[in-house]
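A.B. asks: Dropping the structure in here first, questions after.
Coordinate-derived values only; no laboratory data. Just so it is clear, the structure is predicted and the values come from calculations on it, not from any experiment. When we count neighbours, we look across all protein chains shown, and the Cβ atoms used for this are built from the backbone with ideal geometry, even at glycine.
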Amino acid sequence: MSLRTILLLAALVGASGVILGAYHAHGLENRLLGSGLAEEEVQRRVDSGDVGVRYQMVHAVALLVLGLLAERRRTAWLIATEFGFLVGMLLFCGGLYMIAFNAPDPLQYWAIVPAGGLTLILGWLFLGLHALRMPAA
């Protein structure tokens, strides 16, 4: 991806993270309580949303830094890291948001979240492989 594309994606991921975080903080719990869910289930879903927002915001910043790194030296490992972060966020955070915000049966999304987590881990490992290939300064 070009620097422009990765920075645009980082901006969109960051902005949507703030929007989802605001909804999580100011509306989610009341909506879930109003839907008739048990308090324990509401708390579990609120916690899932919290984790999703935190991971999304951390990886928005990571994408921003990655875009700036890639401007200097673009490698296959950095490209793999970008895709690992983007796909990982989509699956991991997206799965948590589906559980938190609207899933009538959250267990139907059980496989999405760990697959996304694994993809995020791979993204970080790809970044490490990029670092190993860099010349020592």
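A.B. asks: With charges only on Cβ, +1 for K and R and -1 for D and E, what is the dipole size of the chain about its Cα centre, in debye, rounded to 20?
C.D. replies: 760
A.B. asks: Test of understanding: in a Gaussian network model of the chain with alpha carbons linked when under 10 Å, which of ALA25, ALA100, ALA80 would top the mean-square fluctuation ranking?
C.D. replies: Checking each option, the largest mean-square fluctuation is seen for ALA25.
A.B. asks: If I compute volume of the Cα convex hull per residue in Å³ from the structure I just sent, which labelled value in [x] 99; [y] 114; [z] 136 lines up?
C.D. replies: Working out volume of the Cα convex hull per residue in Å³ from the coordinates points to [x].
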